Amino acid sequence: MHSACRWFRSSVGTAVLMAGLTTLLSGQQPSDIQNLVTSGNLEGMRWPNFSDYRTWLQKFYEPGGYAPAWVQGTQPVPQAASMIQIFRDAGKKGLDPEDYDAARWEARTRALQGSASGPEVARFDVALTVCTMRYVSDLRIGRINPAHFHVGLSVEQKKYDLAQFLRDRILTASNVPAVLDGVEPPFAAYRRTEEALAHYLELARIDDGEKLPDVTKPIGPGQPYAGVPRLTRFLRLVGDLPADPALTGDAQTYGGPLVDAVKRFQRRHGLDEDGRLGPGTIKQLNVPLQDRVRQLQLTLERWRWLPAEFSAPLCKI
């Protein structure tokens, strides 16, 4: 561990030294962007340390002499505006918008006003490059390396040359979202999971979170159950009960269309499709919808670990 740390410090020091030496030999003062890239750190970001992306940033900025890539005058270029909106919508992809500073871009854009050059432009530009590289990487191969879980999957062959991808694909794009669509896994089930996530995000927002009463033995059709009102609301919300069914009996009796709705719920969740409200079914009905959202987010993450060169997954994860 100590030798690895010494190697890392030595490598970082060498990178900084070489960058400074190149600047001295050229007879030029380093730009604000170059200074930030060399430092590998930008205060004000949620994750200010970007040293693991520094090599990519150097490769991205060096061909242009460390000039701003995302700013013209005092305004973000259209591709920058597109990326900022994509960061704000990252939750739809199962990602955390704040990993890409979603709430901070409005203030950064305002700070550009009256700053056609200098530190504010550099901070904006470098922050956008870092966040875009992080977003593309997370969308392509996931936020976590599957090698940590010993599942026999590797994402190494899927990694992009991030500097080239940003220069050649994003900064030249007339439709940035369409470009990023091609970054994601090509599987139909992945897209269906995305759609389910969007649906459950909305359900979690509007659900009141009330819990159904626990049972010690299964409740069958025609039996009283105090949770019928909540059960009715919940099954309508998740789509297992039609919006306006002809419910039979009183509000405390379990029966009629509710039984068929419970069967649909049981089938969707891998339970015995018997239409009875046993402890296992009640437990699944009481899972918070925010937990379902988290399950879908993790499913999208696992899809991103799969190789993209076959049309259907070869393993179940």
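Things worth noting here:
- Under 5 Å between amide hydrogens, built in the peptide plane, is the criterion, and for T253 it picks out Y225 among residues at least 5 positions away or on other chains.
- Lysines whose Cα lies under 16 Å from that of K263, excluding same-chain neighbours fewer than 8 positions away: K283
- Partner lysines for K93 [C-alpha distance under 22 Å; skip if fewer than 8 residues away on the same chain]: K158, K159, K316
- Förster radius 35 Å - calculated FRET efficiency between R236 and F187 (Cβ-Cβ, nearest 0.05): 0.70
- A cut-off of 5 Å between modelled amide H atoms, ignoring neighbours fewer than 5 places along the same chain, links N49 with L42.
- Distance between the modelled labels on A173 and E62, one decimal in nanometres: 2.5 nm (7 Å Cα→Cβ projection).
- Straight-distance crosslink candidates among aspartates and glutamates, where the alpha carbon sits under 14 Å from K92 and sequence neighbours closer than 8 are dropped: D138, D181, E184, E194, E195, E202, E301
- For L212, no residue has an amide H sitting under 5 Å from its own, ignoring neighbours fewer than 5 places away on the same chain, with H placed 1.01 Å from N.
- Potential extension, A103-A243 segment - 0.36 nm per residue separation minus Cα distance: 46.7 nm
- Backbone HN-Hα couplings from phi across the range 83-98 [Karplus 6.51/-1.76/1.60, Hz, Gly and Pro as x]: 5, 4, 5, 5, 4, 5, 9, 4, x, 5, 9, x, 9, 9, x, 6
- Per-residue ³J(HN,Hα) for the range 153-158, Karplus 6.51 cos²θ - 1.76 cosθ + 1.60, θ = phi - 60°, Hz, x for Gly and Pro: 10, 10, 9, 4, 6, 8
Every read-out reported here was derived from the displayed coordinates using simple, explicitly stated rules and does not represent laboratory data. None of these values were measured; they are calculated from a predicted model. Virtual Cβ from ideal backbone geometry, glycine too; neighbours counted across all protein chains shown.
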